[in-house]
Amino acid sequence: MDSLVAVEKEVDKALDLFENFYDVIDQDINKVIDHVVSIMNDLAKIENDQTFKLSADDSVSMCKEQVRDFIKRYSEKHKDLHANISKIGKVIDKNFVPDYGNLSQINLIDTPEKKNNLNMAICEHLLRNGHLEACETLIKESNLNEKIDEERKKPFVRMNYILKKLRDKDVDPALEWCQANSKELKEINSNLEFNLHRLNFIKLVQQGTKAQLEALKYARNFAAFANDCSKEIQKLMGSLIYMTTGLENSPYSSYLGPELWQEIEEEFTKNACKLLGLPVECPLYICVNAGSKALPALVNILQVMQQTQVGTTLSKDELPIEIDIGQKYRFHSVFSCPILRQQSTDTNPPMKLICGHVISKDALSKLNLSGKTRIKCPYCPVEQSPNDARQMFF
Ligand SMILES: [Zn+2]
């Protein structure tokens, strides 16, 4: 925050100078132009009159002097302005750490297969967000034609079309989608179809008495949901009483807020992703967000490590410090080995001993350095064969 304030101060200073510069230069230029024009007029008048030639020469040289002086003054002012602008750049460099290069591990994406996976993740992100054209270009340029064919794109194209229509307050394409996927939606206990009908119904109630009959007819669509949504259906029927006076000043005014429409977009995306076997939030988006949140702490620890010249002895998959980036980004439990005090990884997974105690695979190998057939649990007296330990999955 302090960094931003420092930069803002310099920007404000430069902007003030600019404003001043433009105010004054406009007036000065106009003055010079007026002067030149009046001399030109005078010269035109006295062209053939030799008596005034002498005084005219004087005026011209005076004018020349004035223009020269003007140019000199303003080139100096311009230099001042430039100094102020370059100062902004220096303040930015001073206040923001520009080098994140040390933090990235380029070798993480060092094989064609990993590169492909990254490009696939970007393509999926673009498809999810409806940037079809950008996705097409990436597919072409990264030779992903075989992996992302038309069939794979189709559901995303449809999803984006439905979302766009929902934003225009048209629920019909979404309803069609629900009917086409009714079996799968039932399996995941989705209320999407009912909520879409609800929005259509509210739209009719909003139109007032002229749509009364239509609203009543439309209410038949709720019959299929009578078991699961009876309370909400009763509420919707209650809103019919206010068709003549308007819902705005009724106890049902909450139906008119933008929230229901925002919620339906989220609900549809959630359902569609679930049916497609995709996580609700885009994995790439989550990665970038989580990375950005963790970055300041990593920059700090890197500076400390460099200043104190502590080399990193940590493995590639392990962070030098624990960084809490919030509950939202916690997807699974982690295991830290109580003996080696290391977080488990794919190559060093947690192992459960027959007594129930859990240690990491590396710790187990260390206990069994001599290759004995039996080892003793470090936490209880149970003796056992290291081969009896079982890998655990969190
Ligand atoms: Zn034990």
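So here's what we get for this one:
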| quantity | calculated |
| --- | --- |
| Point-charge dipole on Cβ atoms (K/R +1, D/E -1) for the range 336-391, about Cα centre, debye to 20 | 100 |
| Loop GluC sites (Glu not before Pro), the range 218-278 (other Cβ atoms within 10 Å of the site Cβ: 16 or fewer; DSSP) | GLU248 |
| Net charge, VAL67 excluded, C-beta distance under 12 Å - Lys, Arg +1, Asp, Glu -1 | +2 |
| Three-way shape label, the range 267-373, alpha-carbon gyration tensor, a/c 1.5 | oblate |
| For the chain, the spread of Cα positions along each principal axis, largest first, Å | 122, 82, 46 |
| Pairs of alpha carbons in the range 170-315 whose separation is greater than 17 Å (percent) | 71 |
| Whether the range 126-185 is rounded, prolate or oblate, judged on the alpha carbon gyration tensor where a/c under 1.5 counts as rounded | oblate |
| Out-of-range pairs (alpha-carbon distance over 32 Å; input LYS154/LYS328; LYS77/LYS293; LYS9/LYS293; LYS203/LYS270) | LYS77/LYS293 |
| Length released on extending from LYS140 to SER182, taking residue separation times 0.36 nm less the Cα-Cα span | 11.6 nm |
| C-alpha long axis of helix 2-45 to longest principal axis of the chain, angle in ° | 30 |
| C-alpha long axis of helix 112-128 to longest principal axis of the chain, angle in ° | 80 |
| The chain - mean residue ellipticity at 222 nm from DSSP helices (-39,500 (n - 2.57) per run, n ≥ 4, rounded to 500) | -19500 deg cm²/dmol |
| For the range 35-170, alpha-carbon Rg relative to the globular expectation (2.2 N^0.38 Å, N residues) | 2.38 |
| Accessible area in square angstrom per residue, the range 89-206, 1.4 angstrom probe | 63 |
| Residue-wise HN-Hα coupling along the range 75-92, computed from phi with Karplus coefficients 6.51, -1.76, 1.60 (Hz; x: Gly, Pro) | 5, 5, 4, 5, 4, 4, 4, 4, 4, 5, 5, 5, 5, 4, x, 5, 5, 4 |
| For the range 2-94, fraction of C-alpha pairs farther apart than 17 Å, in % | 63 |
| Residues of the range 247-394: accessible area per residue with a 1.4 Å probe, Å² | 67 |
| With eigenvalues of the C-alpha gyration tensor scaled by 5 and rooted, the range 336-391, Å | 17, 12, 10 |
| Apportionment of accessible area to carbon and sulfur, the range 150-246, percent (1.4 Å) | 48 |
| Solvent-accessible area, 1.4 Å probe, carbon plus sulfur percent, for the range 336-391 | 47 |
| Within a Gaussian network of the chain (alpha carbon springs, distance under 10 Å), most fluctuating of LEU43, LEU166, LEU216 | LEU43 |
| Solvent-accessible area, 1.4 Å probe, carbon plus sulfur percent, for the range 2-94 | 58 |
| Kirkwood Rh (inverse of mean 1/r, distinct Cα pairs), the range 150-190, angstrom | 11.0 |
| GluC sites (Glu not before Pro) within the range 109-198: DSSP coil, no more than 11 neighbouring Cβ in 10 Å | GLU146 |
| Principal-axis tilt of helix 259-276 within the chain, Cα atoms, nearest 10 degrees | 50 |
| Choice from GLN179, GLN327, GLN303 with maximal GNM fluctuation in the chain (Cα, 10 Å cutoff) | GLN327 |
| Sequence-separation-based contact order of the chain, relative, with Cα cut under 8 Å and 6+ spacing, percent | 10 |
| The range 167-208 - Kirkwood radius from inverse mean 1/r over Cα pairs (Å) | 11.0 |
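The values are calculated or read from the model by the stated rules, or taken from the named source; none is laboratory data. The structure presented is a predicted model; accordingly, all values stated were derived computationally and were not measured. When we count neighbours, we look across all protein chains shown, and the Cβ atoms used for this are built from the backbone with ideal geometry, even at glycine. The accessibility values were calculated without ligands, DNA or RNA, using every heavy atom of the protein model including side chains. Shrake-Rupley method; radii C 1.70, N 1.55, O 1.52, S 1.80 Å.
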